[in-house]
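Report on the structure given below.
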Amino acid sequence: MPKFSLLSWVLLLALGWASSLPGLQAQICTPDPAYTTPGTYPATIPAGCVGTPYETTITVVVPVDTFISSPFPVTVPFDSVVINGILGVPAGISYACAQPNCTFPGGSSGCVLVSGTPTTAGSYDVDIVATYYVTLFGSPFTFVDTAFDYYTLEVLGGVTASVTTSPASCGGSDGSATITPTSGVAPFSYLWDTGDTTATVSGLAASLYLATVTDSNGCSVDIQVNVPNAGSPPVIDTTAAISWSGCAEDDGGQIMPAVSGGTGAYSYAWSSGDTTAMLDNLPAGTYNLTVTDTLGCASSASFQVDAPATLTASLDATTDALCYGDANGTAIGLATGGLPPYAYSWNSDPVQTGQIADLLPAGDYVLTVTDSLGCVKTKPFTINQPDSLGVTFAVTDASGPSNADGQIVATAFGGIGGYSYDWSTGATGDTLSDLLFGTYVVTVEDVNGCTVTDSVFVSSPISSLSPLQGIQMARVYPNPAHTQVVLEMELDQ
């Protein structure tokens, strides 16, 4: 390979620019297998741009041998080429060889990864320093100790740009952004991460965007574009905003929403037509609210106002008085709806409180129920009692004072029924037979245990009465009497 061809390759090693991350020189490149003829490839490298990273791989195919014309012509094996240094390299440029110590053996293919980000535009004279080795008598021999070559490299000015934005309003997508190049060579092209390819993009939501601006030289710059939010809509908190005071029949609803966020003061518009922040004295129903801030950002919410269940007062059970004139009736109140707890009041004498009223005589009563909201309901009711228990008699008198042929048939009435009879004779049942004249007493009891006691007289006719003599005392009763009387006398003997 001619010397200057190899030096040209070395120059390209030093001055080619490639897109790179920090520390890229530690990476290893791969020779391009398309190149097999000794030489350096590619033949030219495009100029770089200030502020734009570049990356390129230089492939070198080192010859197996070389021809030396003096002091006598001879072809000798090529041992290696070693890059000793690069002078005048533009700031931001570095290189790294795939082979250790940038030594490229004869007959091999190698590469150099050139990387950097130029920082200053201009023309640079670069000096490449290399040593050539050939093999003589089985050992490396310096063919060219210090080789120099001079090249002029151009670093083009980079691209810079400014950005103006119009904010998106109320969390919408009406923002815009415009990129204006401030350096570089026109015309410029644009590529946004939204897919847009114009300098100005509209219809943007508040967010961070990335755009790449490229000039006619191929230099580019990435621009971050922040579209701000001109204002977010208010936030309406509907939790714990609804309450009710008063009874179910009242307009006791109240809505007090908590509003936050947005900008400035709020205006309120209710579906009821009201424009205040709070609504009260509401009947049950659905109410819609729209809150707007000073920027015109608006939010809406719906509120359902429910009235409590209507308070009712009723009786779970009542027990009538057992017997006529007793005071042993009972009543159990039952309250539903409204807002517990409930208070009970009975208009008995004396007044009773509590859910159960007892010791009630027959009569008309009223239960009054009050809930914790002060709502009141009443329930009238009646404690009944059976009719007064009584007994009537059908009497068959005895035929004579000493004749036991009288009879009594008792008939009970009133009470509940299921009567039993208990006579002063010890007999039971409603009929007594074979009776002498005299007084008999009966107690009648119904199924409730109510009782009544009455007496009846079985009389006997008197066939004759001797003159009244020897009579100590005489008694006639009852007095007055309507159907029969009893005559009792005390005689001397």
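Bear in mind these aren't lab numbers, they're just calculated from the coordinates by the rules spelled out. Not measured: the values here are computed from a predicted model. Note: ideal-geometry Cβ built from the backbone for every residue, glycine included; neighbour counts use all protein chains shown.
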Seminar exercise, completed: Taking a ≥ b ≥ c as the square roots of the eigenvalues of the Cα gyration tensor, with a/c under 1.5 meaning rounded and otherwise prolate when a/b exceeds b/c and oblate if not, the range 234-305 is prolate
Seminar exercise, completed: The ³J(HN,Hα) series, computed from each phi in the range 50-63 with the Karplus coefficients 6.51, -1.76 and 1.60 at θ = phi - 60°, rounded to the nearest Hz and given as x for glycine or proline, is 4, x, 10, x, 9, 8, 8, 10, 9, 9, 10, 10, 7, x
Exercise. Ordered by residue, what ³J(HN,Hα) values in Hz, to whole numbers, does the range 434-439 give under the Karplus form 6.51 cos²θ - 1.76 cosθ + 1.60, where θ = phi - 60° and Gly and Pro are x?
Worked result: 6, 9, 6, 5, x, 9
Problem set entry | Value in Å of the Kirkwood radius, where the range 171-298 supplies the Cα pairs that are averaged | 18.6 Å
Exercise. Can you work out ³J(HN,Hα) from phi for every residue in the range 82-90, in order, using Karplus 6.51 cos²θ - 1.76 cosθ + 1.60 and θ = phi - 60°, giving whole Hz and x for Gly and Pro?
Worked result: 10, 7, 8, x, 10, 10, x, 5, x
Exercise. Which percent, nearest 5, of DSSP beta bridges in the chain are antiparallel?
Worked result: 95 percent
Exercise. Expressed as a whole number of Å, what is the distance separating the alpha-carbon centroids of the range 224-281 and the range 353-399?
Worked result: 56 Å
Problem set entry | Inverse of mean 1/r across different Cα pairs in the range 312-383, Kirkwood, Å | 12.2 Å
For this session: Give the long-range amide H neighbours of Leu389: residues separated by 5 or more places, or on another chain, with amide H under 5 Å away, using H modelled in the peptide plane at 1.01 Å from N.
Result: Tyr324, Gly415
Seminar exercise, completed: By the Kirkwood definition, with r running over pairs of different Cα atoms, the range 387-458 has a hydrodynamic radius in Å of 12.3 Å
For this session: Calculate the dipole size of the chain relative to its Cα centre from +1 charges on Lys and Arg beta carbons and -1 charges on Asp and Glu beta carbons; express the result in debye to the nearest 20.
Result: 2700 debye
Seminar exercise, completed: In terms of the charge dipole of the chain, which places +1 on Lys and Arg and -1 on Asp and Glu at the beta carbon, the residue among Ile83, Ser207, Val376 farthest towards the positive end is Ile83
For this session: Please label the shape of the chain as rounded, prolate or oblate, based on the square roots a ≥ b ≥ c of the eigenvalues of the alpha-carbon gyration tensor (a/c under 1.5 means rounded; beyond that, a/b larger than b/c means prolate, else oblate).
Result: prolate
